[in-house]
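Visitor: Take a look at this one; I'll ask things after.
The values are calculated or read from the model by the stated rules, or taken from the named source; none is laboratory data. Since this is a predicted model, take the numbers as computed values, not measurements. Here the Cβ positions follow ideal geometry from the backbone for every residue, glycine too, while neighbour counts run over all protein chains shown. When the accessible area is computed, the model is the full protein with side chains, heavy atoms only, and any ligands, DNA or RNA have been set aside. Shrake-Rupley method; radii C 1.70, N 1.55, O 1.52, S 1.80 Å.
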Amino acid sequence: LPIGPFFYPCSGNDDKDAVSFFHSKVSGFHFSDPFHPLRRSLERDISPSKRDIVVVEGIGNVVNHPGASRSFNRNSQSFVSYQKEGLLTLLDNLPFISIFYYRGDSPGEGGSDQRWGGPVLFDLVLSRLLNGGIICCDESNAYGTVFQRLKSLKVNEIFSYRNLTLRCVSADIGGKNGPMMVWSVNESAVEAIR
């Protein structure tokens, strides 16, 4: 696993498990949620309203609001909490990540209705993931044929997608909307030679 940033969109206050699993494996933790940022770290700035939500085909809800961010340290680990949309955080603030972590989200009341398992957002995550990085997610907002194929993999099975090799990894990480699945992502051998 390459050392780099950990990213958790639509996180709400769900940070304890992620930090306990990955505290020694990342350069810092980045959590984003426009409506429910980490409370310990973020004073409420001007919160987005429901008027700021735009529905984008293939992505779902996007909160068009600049948000605020707060950086802090806890137990010698760096954290950034963004009161900002996960999609915009990834585009604006994280050119690369080593771990993408997503769980407990829903399309209904209280959920983001973002399709991180769908082809548009999933491909964006892959474009930002360092070689050897991992994707950890439960069945939250699980859209798209690629995600459905990945869910069917058994441990150590491989799926090739967009010149990448995604391998199912055994990991004892608890999900919220189903079992937590983990895939290691590597450049294919052909791409690595170029």
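Visitor: What value in Å³ per residue do you get for the convex hull of the alpha-carbon atoms in the chain?
Guide: In the chain, the Cα hull volume divided by residue count equals 114 Å³.
Visitor: Reachable lysines from K16, Cα under 17 Å, same-chain residues fewer than 8 places away excluded?
Guide: The reachable lysines, counting only those whose Cα sits under 17 Å from K16, are K25, K176.
Visitor: Separate question: May I ask for the angle, rounded to the nearest 10°, between helix 119-128 and the longest principal axis of the chain, with both axes built from Cα atoms and the value confined to 0 to 90°?
Guide: That helix lies at roughly 80 degrees to the long axis.
Visitor: Something else: Once the piece of chain linking L91 and N75 is laid out straight, how much longer is it, given 0.36 nm per residue of separation minus the C-alpha distance between them? The partial results should precede the final answer.
Guide: Values: separation 16, 0.36 × 16 = 5.76 nm, distance 2.80 nm.
Length gained between L91 and N75: 3.0 nm.
Visitor: Let me ask something else about it. What's the magnitude of the charge dipole for the chain around its Cα centre, counting Lys and Arg as +1 and Asp and Glu as -1 at the beta-carbon? Answer in Debye, nearest 20.
Guide: Working: 20 positive and 20 negative charges, 56 e Å.
The dipole magnitude comes to about 260 debye.
Visitor: Please build a GNM for the chain, connecting alpha carbons under 10 Å apart, and tell me which residue among N75, N64, N93 fluctuates the most.
Guide: Judging by the Gaussian network model, the answer is N75.
Visitor: Give me the one-decimal Kirkwood hydrodynamic radius in Å for region 58-123, with the sum taken over alpha-carbon pairs.
Guide: Final number for the Kirkwood radius of region 58-123 is 13.4 Å.
Visitor: Using a 1.4 angstrom probe with every protein chain in place, what is the largest-first accessible-area order of Y101, Y161, Y143?
Guide: Final ranking, largest accessible area leading: Y143, Y161, Y101.
Visitor: Continuing with this model, one more query. Search the structure for amide H atoms under 5 Å from the amide H of S69, placed 1.01 Å from N in the peptide plane, and list their residues when 5 or more places away or on another chain.
Guide: Q83
Visitor: Using the Karplus curve 6.51 cos²θ - 1.76 cosθ + 1.60 with θ = phi - 60°, work out ³J(HN,Hα) for each residue of region 82-89 in order, rounded to whole Hz, and write x for Gly and Pro.
Guide: In residue order, the calculated couplings are 9, 8, 7, 4, x, 4, 5, 4 Hz.
Visitor: Per-residue accessible area for D172 at 1.4 Å probe radius, Å² rounded to 10?
Guide: Accessible surface of D172 is approximately 140 Å².
Visitor: Where does each of H65, H36 land when they are ordered by accessible area, with a 1.4 Å probe and the largest first?
Guide: The ranking, largest first, comes out as H36, H65.
Visitor: Out of residues 5 or more away from R74 or on other chains, whose amide H comes under 5 Å of its own, with H placed 1.01 Å from N in the peptide plane?
Guide: Distant-sequence amide H within range of R74: F79.
Visitor: Let me have the 222 nm mean residue ellipticity of the chain computed from DSSP H runs of 4+ only, each contributing -39500 (n - 2.57), with the sum over all residues rounded to the nearest 500.
Guide: -5000 deg cm²/dmol
Visitor: Another question about this same structure. Probe radius 1.4 Å, ligands and nucleic acids left out: which of V120, V19 has the largest accessible area, and how do the rest follow?
Guide: V120, V19
Visitor: As a test question: what accessible area, to the nearest 10 Å², does L153 have when a 1.4 Å probe is rolled over all protein chains in place?
Guide: Result for L153: roughly 10 Å² accessible.
Visitor: If you count only protein heavy atoms with a 1.4 Å probe, what accessible area per residue comes out for region 1-99, rounded to a whole Å²?
Guide: 49 Å²
Visitor: Quick one: Kirkwood hydrodynamic radius for region 1-102, alpha-carbon pairs, angstrom, one decimal? Please list the in-between numbers first.
Guide: Details: mean 1/r = 0.0724 Å⁻¹.
Across region 1-102, the inverse of the average 1/r is 13.8 Å.
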